[in-house]
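J.: Sharing a structure with you now.
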Amino acid sequence: MRAALRALRWLLAAGTAALAAGVLAFAAAYVYIAPRLPDIEALREVRLQVPLRVLARDGSLIAEFGEKRRVPLELDRIPPRLVQAFLAAEDDRFYEHPGVDWQGLLRAAVALVRTGEKRQGGSTITMQVARNFFLSREKTFARKLAEIFLALKIERELDKDRILELYLNKIYLGQRAYGVGAAARVYYGKDVERLTLPEMAMIAGLPKAPSRDNPVASPERARARRNYVLGRMLALGMISRAEYEDAVAAPVTARLHAARSEVEAPYAAEMVRAQLVERYGEAVYTDGYVAVTTIEPPLQRAALTAVRANLLAYSRRHGWRGPEGRVELPPGLAEAAPGEGPWKALDRALAERRPLGGLAPAVVVEVGERTARAYLGAGKVVEVPWEGLAWARPYIDTDRRGPAPKRAADVLAPGDLVRLERRADGSWWLAQLPRVEGALVALAPADGAVRALVGGFDFERSKFNRAVQAQRQPGSSFKPFIYAAALEKGFTAASLINDAPVVFDDPALEATWRPENYSGRFHGPTRLREALVHSRNLVSIRLLRAIGVGYAVRYAARFGFEPAHLPRDLSLALGSGSVTPLAMARAYAVFANSGYRVEPYLLLEVRGPDGEVLERARPLRACPECEAAQEAAAADPARAGDGEAGTGRAWRPAPRVIPERIAWLMRSMMRDVVRRGTGRAARVLGRPDIGGKTGTTNDQRDAWFCGFGPGVVAVTWTGFDRLAPLGERETGARAALPAWIRFMRVALAGVPVEQRPLPEGLVTVRIDPATGLLAAPGQADAVFETFRAEHVPQATAAATPAGGGAAPEPIF
């Protein structure tokens, strides 16, 4: 008995000594580690890594850029049941312990004694906050002690709700998602408020092994972890038995969702990203910068649809190039439901091809007499009607196609890997990725704001931004700048220029040059208005020779063109320089806004990490009132302050680069291009206030349409990235104008017809169409023409029985 008592006393003494030693060791460790602990003050104003967000003018999301996806949320925005799911999974005594759960630590210590291995264990939510914000993830005793002391310190200085909020926003949850807000969007494509109970439990189960056990990487492991969380919630009384049973029976529906772009404008987003990185450095990817652009979602959607539809129409015109590949159809498809059993093999084949330009990859599974059935994946089989197959004549070369198909088997065979296009009526048509490319850019002519921008068929296929990077020949769409230069030099819209064969031995050209009109015909003496309306090449060349190449280049520079990119020879008249679609839009804006040069801008506002405005656009703006004030100030020194119009405003007055009267005359001539010239297909819009000019280069290598309407200038371009002919008859009117029409139908919807008054100093008179002189009294075929007052013809056409005058010799 005495021996037992002695043993008991010895054990008590040893235990007390061990406890005292432990306390002393713990105290010593604290004395040693505490001074080295980070300042908790940083958590009060913590800045989570948040990606750069690029927004449209109305606040719609265009894109996010950053390694980490995060949607910071205040605790009151997180559903209580989602909070409960995390507490059940990670720390059900969170609101009871002081930051360290000694019971959990004891369990971890027992596990260490039993296994002899250091394992992570006993970590409370507060300890995880300490580790995630301040410490490494290495599994050492020193780091664990620092984590414990830091957790105790955090609990002394922050309240529980703030700690929980930090945790739920910081924790890594797999697939680049940090925090519950991002996880909800990454796995379920929705905000946290819309999550169901099984979805909440799935997310709450991720912190243990987010990379390995997330529902995308390992659905079955994720399901098991989800059910564990649900079981913990049931045991803790957070959910009922019925809720538990319904939730554990729910299927795993998680899949990857890209950042939820509300506006597809990737080329514009990339322009913004590059600008901000250049200005603010790599911090833009992590510090929560927000860039608001001038992009208008309805117009951007219209532009993208217009470009893609135009390129697909071109591709159909030139024939079917065949399937992208072949797949061996597995046996048993007819017996299994789509998406199940043997269909899984087709799902794997389709997973290797992503949708591009709105075209879905598909496998042909059945070919009928005049229809075909194709599998889109995920259990969806669709039928392609004959209307969607009949276009597919075999491609031979750019200008030749094979015979029209008579049955579906002439086009497709089971196992073909193809692309399908969803039409507006819901039907599916056979399609193919176009080899040709295109671009569209639309500006507000008043201040240069980029309202829509499309740089190609699909950004994922090619990130080359043709709207701003492609230096191409503008062809005849450059002619208005030659004509404007001539008008300012004294020519009129009624000046006669001879449209006749000519041979030039221009020293600036490599050989003798024999230019022709596109039609190959010649029309003799031609008024300038008619020459522009019908895009007469020989008239433009003679006109340029008359005004001088050097003068024309200097004049074109007023519109923003780089003189170094313009040739110093007569080919300039036919648009042989190098320009981008954006440069053409800026130049046409001068005509549209009555003579002011504005600079295109895409960034409206940049907000920094704390929401402060770092920069805001202050664009150049066409301002006739400012110009009038400046003129008044120049005439009356007492009104000098009036000349400062625009000071303190959100814009600056744009410089006038051509007279208002010249701009008005050019708009009038380009409206006639649409009314009765090469752009007449645009008459389908039914508007008298639109105008523009087609452009086609040698061998139809580039096709353009540049035009304007009330409040918008739009430029479309079509061509191959590697210079090659588009094919016979693929002019600007056929290969580019349809995209412009489709876009402008949306851009001008609901916009009142614009009627601008005739500027002071312009006079409209009746002229003889053959001579450009004043019409004789009673002349039946007289037409109206507008002149600057000082250039109204003084002579009257000699009357003839036909009602017109004999044509005088042309000026050139």
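The values are calculated or read from the model by the stated rules, or taken from the named source; none is laboratory data. Computed from a predicted model, the values in this text were never measured in an experiment. Ideal geometry is used to build each Cβ from the backbone, glycine not excepted, and the neighbour counts take in all protein chains shown. Calculation scope for accessible area: heavy atoms of the full protein, side chains included, ligands and nucleic acids excluded. Shrake-Rupley method; radii C 1.70, N 1.55, O 1.52, S 1.80 Å.
J.: Once R0 is set to 35 Å, what does the formula 1/(1 + (r/R0)^6) return for the Cβ-Cβ distance between Ala780 and Arg745, expressed as a FRET efficiency to the nearest 0.05? Intermediate results must be reported in sequence, preceding the final value.
T.: Numbers: r = 38 Å, r/R0 = 1.07.
According to the calculation, E is roughly 0.40.
J.: Same structure, new question: Provide the gained length on full extension for the span Arg756 to Arg407, in nm with one decimal, where the gain is 0.36 nm per separating residue minus the Cα-Cα distance.
T.: Stretched fully, the Arg756-Arg407 segment lengthens by 120.1 nm.
J.: At 1.4 Å probe size, with the rest of the protein present, what percent of the exposed accessible area of the chain is carbon and sulfur atoms?
T.: Answer for the chain is 53 percent, counting heavy atoms of protein chains only.
J.: Quick query: amide H of Arg652 versus all other amide H atoms, modeled in the peptide plane; which residues come in under 5 Å with a sequence gap of 5 or more or a different chain?
T.: Answer set, sorted by chain and number: Leu620, Arg621.
J.: If you don't mind, there's one more thing I want to ask. Would you mind working out the accessible area per residue for segment 465-572, using a 1.4 Å probe, and quoting it in Å²? Please list the in-between numbers first.
T.: On the way: 3990 Å² over 108 residues.
I get 37 Å² per residue for segment 465-572.
J.: With every protein chain present, what is the per residue accessible area of segment 43-93 (1.4 Å probe, Å²)?
T.: Details: 2280 Å² over 51 residues.
Value for segment 43-93: 45 Å² per residue.
J.: May I ask you to evaluate 6.51 cos²θ - 1.76 cosθ + 1.60, the Karplus curve with θ = phi - 60°, for each residue of segment 350-363 and list the ³J(HN,Hα) values in order in whole Hz, giving x for glycine and proline?
T.: So the J values, rounded to whole Hz, are 6, 5, 7, 10, 9, x, 9, x, x, 9, 8, x, 8, 10.
J.: Report, in listed order, any pair from Lys68/Lys170; Lys190/Lys463; Lys344/Lys380; Lys68/Lys190; Lys380/Lys463; Lys170/Lys190 with a Cα-Cα distance greater than 22 Å.
T.: Long pairs (Cα-Cα over 22 Å): Lys190/Lys463; Lys380/Lys463.
J.: Tell me the per residue accessible area of segment 135-280 using a 1.4 Å probe; a whole number in Å² is fine.
T.: So segment 135-280 comes to 44 Å² accessible per residue, rounded to a whole number.
J.: Okay, moving on. With every protein chain left in place, what is the accessible area of Leu604 in Å² (1.4 Å probe, nearest 10)?
T.: 40 Å²
J.: Continuing with the same structure: Could you order peptides 91-99, 667-675 by the average number of other Cβ atoms within 10 Å of their residues, highest first?
T.: By packing density, highest mean first, the sequence is 667-675, 91-99.
J.: If you don't mind, another one. How large is ³J(HN,Hα), in whole Hz, for each residue of segment 558-571 in order, when computed from phi with the Karplus curve 6.51 cos²θ - 1.76 cosθ + 1.60 and θ = phi - 60°, using x for Gly and Pro?
T.: Calculated HN-Hα couplings, in order: 4, 7, x, 6, 7, x, 5, 9, 10, x, 9, 8, 5, 5 Hz.
J.: Continuing with this model, one more query. For segment 471-555, what size does the Cα cloud have along each of its three principal axes, sorted from largest down, in whole Å?
T.: If we take the Cα atoms of segment 471-555, the spans are 32, 31, 25 Å.
J.: Let me ask something additional. Can you tell me the relative contact order of segment 293-392? Whole percent, Cα pairs under 8 Å, sequence separation 6 or more.
T.: Relative CO of segment 293-392 lands at 21 percent.
J.: Here is a follow-up. List every residue whose amide H lies under 5 Å from the amide H of Ile295, counting only residues 5 or more places away in sequence or on a different chain, with H placed 1.01 Å from N in the peptide plane.
T.: Amide H neighbours of Ile295, under 5 Å, 5+ apart: Arg57.
J.: Round to the nearest 10 and report in Å² the accessible area of Glu605, as given by a 1.4 Å probe over the protein chains' heavy atoms.
T.: Ignoring ligands and nucleic acids, Glu605 comes out at about 30 Å².
J.: Show me 444-457, 324-337 ranked by packing, highest mean number of other Cβ atoms within 10 Å first.
T.: Packing order, densest peptide first, comes out as 444-457, 324-337.
J.: Multiply the residue gap between Ala351 and Glu460 by 0.36 nm, knock off their C-alpha separation, and tell me the result in nm, one decimal place.
T.: That works out to 37.7 nm of additional length.
J.: Based on the mean of other beta carbon atoms within 10 Å per residue, what is the order of 260-271, 205-216, most packed first?
T.: Per-residue Cβ counts within 10 Å, averaged per peptide and sorted highest first, yield 260-271, 205-216.
J.: Let me know the volume per residue of the alpha-carbon convex hull for segment 239-331, in Å³.
T.: 292 Å³
J.: Let me have the relative contact order for the chain, percent, based on Cα pairs under 8 Å that are six or more residues apart.
T.: About 10 percent, as a whole number.
J.: Here's a follow-up. Could you pull out every residue, at least 5 positions away or on a different chain, whose amide H is within less than 5 Å of the one on Thr526? Hs are placed 1.01 Å off N in the peptide plane, and Pro or chain starts have none.
T.: It is Ile497, Asn498, Asp499, by chain and number.
J.: Here's a follow-up. What's the Kirkwood radius of the chain in Å, using all Cα pairs?
T.: Roughly 32.3 Å, rounded to one decimal.
J.: A follow-up question, please. Output ³J(HN,Hα) for segment 452-458: one whole-Hz value per residue in order, computed from phi by the Karplus curve 6.51 cos²θ - 1.76 cosθ + 1.60 with θ = phi - 60°, and x for Gly and Pro.
T.: Going residue by residue, I get 7, 8, 10, x, x, 5, 7 Hz, with x marking Gly and Pro.
J.: What cysteines in the chain have no other cysteine with a beta carbon less than 4.7 Å from their beta carbon?
T.: Result for the chain is Cys706, no neighbouring Cys Cβ within the cutoff.
J.: Under a 1.4 angstrom probe, counting protein chains only, how are Leu620, Leu440 ranked by accessible area, largest first?
T.: Leu620, Leu440
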